[in-house]
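Heads up, the thing below is written out as structure tokens.
The values are calculated or read from the model by the stated rules, or taken from the named source; none is laboratory data. Only a predicted model underlies this, so the values are computations on that prediction, with no experimental measurement involved. Please note: Cβ atoms are built from the backbone with ideal geometry, for glycine as well, and neighbour counts cover all protein chains shown.
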Amino acid sequence: MQPSLVKKAITGSAFVAGMMFVQPDGAEAAFGDQELKKGMNNQDVKVLQDVLKAKGYFTYHTSTGYYGPITEDAVGKFQQAVGLNVTGVATTDTLKALGAKTVSKSSAQSSSLQVGSRGQQVTNLQSALKDKGYYSYNVDGIYGQITKKAVQDFQREKGLSVTGKADTATMNALASSSAHSSSKPSSSSDITIGMRGSAVTDLQSKLKSKGHYNYKVDGIFGKITQKAVQNFQKSAGLSQTGVADSKTLAALSKNETVKQEASVTGLTIGSRGSSVTSLQQLLKDRGYYNDSIDGIFGNNTQKAVKEFQSIVGLSVTGVADDKTIDSLKSRSNQQTVTVLKVGSKGNAVTDLQNKLKKAGTFHVEATGYFGPVTEKAVKDFQKAKKLQVTGTATKETMDALDGSTDKVVTPPSTGEDQGDLLKKGSTGSLVKELQSKLKAIGLYSGPLDGDFGNGTDAAVRSFQSRNKLSVDGVVGPSTWEKLKQSTGYEGTGNSNTGSNNGSSNASFSVMDLIADASVYIGVPYVWGGNTPTQGFDCSGFLVHVFKKQGISLPRTMAQMWNVTTAVSSPSVGDIVYFTTYKPGASHGGIYIGNNKFIHAGSSTGVTISDMNSSYWGPRYLGAKRAH
């Protein structure tokens with residue numbers, strides 16, 4: 001199934017519009033004929049959301065068909081407004097108040113084809129589904145699970161109630177669709193579903209360059225490629241057939257530079273494609289954006305846009321309009337800035353340290369080496385000046401330092417007398433962060449007490465030996481940078497794992513976390529994968545999704561287990577851990593409520609599973625919190 005790349009509002013027991021993972025909850029009843037409540041996922045819920053949206057109670061941008069907390073809240077507000085008992089459940093009285101008309105259930109078709117049906121009617125159904133690209137197996141006249149899945153895909157695509165039963169509405173839609181397609185016979189040069197070869201490879205490459213195809217270019221025209229073709233046809237004003245005919249291929253090959261430039265206007269949450277990729281690259285070049293360049297305009301991209309707009313004096317909307325894009329481009333063309341960060345050295349670092357010292361965040365002598373103390377000083381300055389806290393000396397950070405007149409009062413931490421060198425005898429918050437990093441990779445088992453003693457010294461030396469660094473027990477810029485690369489997270493010093501120290505991440509949103517995760521439903525499993533285009537393994541998926549909420553996690557499940565905080569029972573947004581191919585935490589996902597979790601499964605890709613299933617239940621290890 002092609003995963004939607006538009007966020008869905010989905011916190012609670014289960015989610016994702018367009019994907020059934022719970023029973024259809026009486027999907028054959030008409031709207032108004034059944035009570036609707038949290039956890040349901042069907043067309044009636046979508047109608048309910050549309051009605052509530054029209055009345056101003058459902059404010060999410062998309063009617064998803066899933067009855068989650070947002071729908072529950074909207075129903076409750078409507079009930080309160082009209083004087084009904086506020087339950088959040090769309091009772092028949094509530095539905096009537098909304099204007100629904102009760103329809104007898106007897107009107108539901110009893111002659112539907114369904115699992116277990118056999119004969120010529122099923123043969124005809126399978127043939128029609130195969131012609132439309134939904135069914136790719138033998139036409140055998142037997143209605144089994146594969147046929148049911150094909151029917152569900154077709155119903156979902158056509159906006160019908162997703163029951164898996166071929167009722168009258170479904171059969172009529174199939175007949176209408178077939179009649180429409182038969183009136184336009186395919187040319188022999190058309191590229192369509194089921195085809196393979198270089199022509200498909202070229203098609204996928206062109207679609208990818210236009211931002212409509214984000215998967216592997218494999219020369220196989222499947223459902224994902226078909227959907228990409230339809231998306232392109234829609235953007236080009238062509239008939240959305242999903243067939244790459246001569247008009248579609250000509251439009252793809254046409255030089256559309258001017259059109260692409262114009263399409264940049266008004267990029268916002270939910271936008272995707274090459275224009276977003278270009279925007280993210282511009283923001284990254286300027287030091288505002290530190291996430292993956294994936295062509296998906298999410299929360300982190302919006303934060304970066306707002307930060308840039310604030311710095312350059314534009315209206316802070318988070319929307320990348322023409323003014324924002326032009327300003328980014330002009331600034332990028334005007335100058336090339338060397339961004340100073342951990343590992344940098346030389347006179348530029350010395351100058352930076354002196355400026356930070358003058359500003360009141362760097363409390364030792366300038367060394368010309370950018371290590372952990374300099375990084376902390378940069379972060380302290382950025383926090384004080386309300387800049388994006390990256391720890392790297394971006395152009396805006398340097399501009400703010402040059403224009404700073406007010407001294408930032410940041411008391412020195414104990415143990416910083418050695419400058420950017422941490423060693424035995426050092427103490428303070430940076431040593432605590434060092435211990436956290438070493439613990440995450442399994443080299444340190446002592447307390448996170450900020451005291452650089454024998455245990456910390458032995459762990460540092462072991463790390464240096466493993467990574468072919470000078471084994472001296474001294475944590476300088478090279479050791480610190482390698483530690484950051486090895487753990488892939490910032491430790492406890494920046495409160496990214498706030499539950500470790502009693503603080504919380506102010507920017508963290510459970511709703512956004514689950515919504516971000518849902519974007520990747522259907523992305524395939526790839527061992528070692530950590531991007532949506534490459535694919536995900538279980539820990540890579542968690543690292544990627546949590547990073548979008550400003551929370552950095554170590555790269556393996558065992559390391560995550562070490563740095564997250566245990567809870568007695570999982571809440572939405574917690575990480576649930578499982579023991580699979582080896583003892584200890586070897587698999588995990590994000591808890592979404594009702595004993596469901598979203599994860600990257602080795603045989604399923606990113607999907608939703610039941611923690612109480614016969615497979616996952618016995619393997620459950622526990623839940624921990626990362627925020």
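Going residue by residue through the range 360-377, is there one that turns out to be in a helix (DSSP H, G or I), modelled with pLDDT of 85 or more and within 19 Å of LEU422 (Cβ to Cβ)? Full working, then the answer.
Step one: of the range 360-377, the residues in a helix (DSSP H, G or I) are 372-377.
Still in the list and also modelled with pLDDT of 85 or more: 374, 377.
Right, trim to within 19 Å of LEU422 (Cβ to Cβ) and you get 374, 377.
Yes, that holds for at least one residue.
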- Task: Determine which member of the set LYS395, LYS385 is among the basic types (Lys, Arg), at pLDDT 80 or above, outside the structural domain of GLN302 (by TED's automatic domain parsing) and under 25 Å from THR301 (Cα atoms).
- Result: LYS385
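Would you mind stating whether LYS323 is at pLDDT below 80 and either more than 24 Å from the chain's Cα centre (by Cα) or within 22 Å of THR479 (Cβ to Cβ) (or both)? Steps first, please.
Working: at pLDDT below 80: no; either more than 24 Å from the chain's Cα centre (by Cα) or within 22 Å of THR479 (Cβ to Cβ) (or both): yes.
So LYS323 does not fit the description; no.
Within the range 531-627, considering only strands (runs of 3 or more DSSP E) that don't extend past its boundaries, which have at least 2 residues that are under 16 Å from the mean Cα position of the chain (by Cα)?
Answer list for the range 531-627: 587-593, 596-601, 605-610.
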- Query: Of all residues in the range 457-507 being modelled with pLDDT under 85 and touching an Asp or Glu at 6+ places or on another chain (Cβ under 7 Å), which is nearest to LEU421 (Cα to Cα)?
  - Reply: GLY476
- Note on the structure: Those residues of the range 75-101 which are over 18 Å from GLY593 (Cβ atoms), among the aliphatic types (A, V, I, L, M) and assigned to a helix (DSSP H, G or I) amount to ALA81, VAL82, LEU95, ALA97
- Output the number of residues of the range 201-249 satisfying the condition of being at pLDDT 80 or above, under 18 Å from GLY522 (Cα atoms) and aliphatic (A, V, I, L, M). 2
